[in-house]
Each structure stands twice: as structure tokens, then as C-alpha cells.
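The values are calculated or read from the model by the stated rules, or taken from the named source; none is laboratory data. These numbers come from a predicted model, not from an experiment. Don't worry about glycine lacking a Cβ; one is built from the backbone with ideal geometry, like all the others, and counts go over all protein chains shown. Accessible surface is based on the protein model in full, side chains and every heavy atom, while ligands, DNA and RNA are left aside. Shrake-Rupley method; radii C 1.70, N 1.55, O 1.52, S 1.80 Å.
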Amino acid sequence: MRDQEGRWILAYNRYLGFCFVMEAELWGILDRLTLILEWSYDFVIIQTDSVKAVQAIQDHARKDLESTLIRRIHQLLSRIGH
């Protein structure tokens with residue numbers, strides 16, 4: 001994670017075991033959002049190179065997908081006020 005000046009402020013990892021790349025991307029987004037809320041940041045920009053992850057998150061707003069990870073991401077985004 002980086003601050004508003006682009007300085008590196010945090011590195012972390014999570015053991016996911018065997019999973020699909022899409023799940024790993026979504027877990028990364030979810031973990032970062034969780035940390036942002038814990039640290040009480042008011043503004044966030046999420047950058048990812050996964051077009052599929054972005055599309056899945058955006059598509060959830062238009063239809064009810066059954067992904068628990070995507071639902072949790074949307075819950076956190078609503079708390080941040082995206």
C-alpha cells in the first residue's frame with residue numbers, strides 16, 4: 001500500500017492455498033479495503049491490473065452475483081463512501 005504521496009507504507013501477504021487468480025485478486029482488494037477502514041482513511045484509490053476483478057465488482061452493482069468476496073468488497077466500499 002502507498003500513501004497519497006506514493007510512498008510505500010505497508011507490505012503484507014496472505015496464504016490462500018490453492019485458488020484461482022481471480023480469487024487472489026479479490027482477496028487483495030478486500031484486505032486493502034479492510035486496512036483502509038481500520039486506519040480511518042477518508043479517500044482511497046484502488047489500482048489493479050486485473051480487468052476481470054474490476055468487471056466483477058462493477059457487474060455486482062448491476063446484478064446479484066453469488067460471490068461472497070464481491071459482496072464483502074461492496075459492503076466495505078459502501079462504508080468508505082465510494
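Kindly list, by first and then second residue, each pair from a residue in segment 1-27 that is touching a residue at least 24 places away in the same chain (Cβ under 8 Å) and farther than 16 Å from Ile57 by Cβ to a residue that is part of a helix (DSSP H, G or I) and of a type outside the set (Lys, Arg), limited to pairs with Cβ atoms under 9 Å and residues at least 6 apart or on different chains.
Correct list of pairs: Met1/Leu35; Met1/Ile36; Leu10/Leu35.
Pick from Arg7, Arg32: which is out of contact with any Lys or Arg (no Cβ under 6 Å at 6 or more places or on another chain), within 14 Å of Leu76 (Cα to Cα) and among the basic types (Lys, Arg)?
On the way: Arg7 fails: within 14 Å of Leu76 (Cα to Cα).
Of Arg7, Arg32, the one residue that is out of contact with any Lys or Arg (no Cβ under 6 Å at 6 or more places or on another chain), within 14 Å of Leu76 (Cα to Cα) and among the basic types (Lys, Arg) is Arg32.
Could you list, in sequence order, all residues of segment 44-56 that are more than 15 Å from Ser78 (Cβ to Cβ) and surrounded by 14 or more Cβ atoms within 10 Å (Cβ to Cβ)?
To start, the set of residues in segment 44-56 that are more than 15 Å from Ser78 (Cβ to Cβ) comprises 45, 47-56.
Thr48, Ser50, Ala53, Val54, Ala56, listed by residue number.
With respect to Tyr41, is the statement that it is modelled with pLDDT under 85 and surrounded by 10 or more Cβ atoms within 10 Å (Cβ to Cβ) true?
Working: modelled with pLDDT under 85: yes; surrounded by 10 or more Cβ atoms within 10 Å (Cβ to Cβ): yes.
Criteria met by Tyr41.
So Tyr15 passes all but one of these: (1) open to solvent by less than 70 Å² (accessible area, probe 1.4 Å); (2) at pLDDT below 85. Which condition number does it fail?
Going through the list (1) open to solvent by less than 70 Å² (accessible area, probe 1.4 Å); (2) at pLDDT below 85, Tyr15 breaks only (1).
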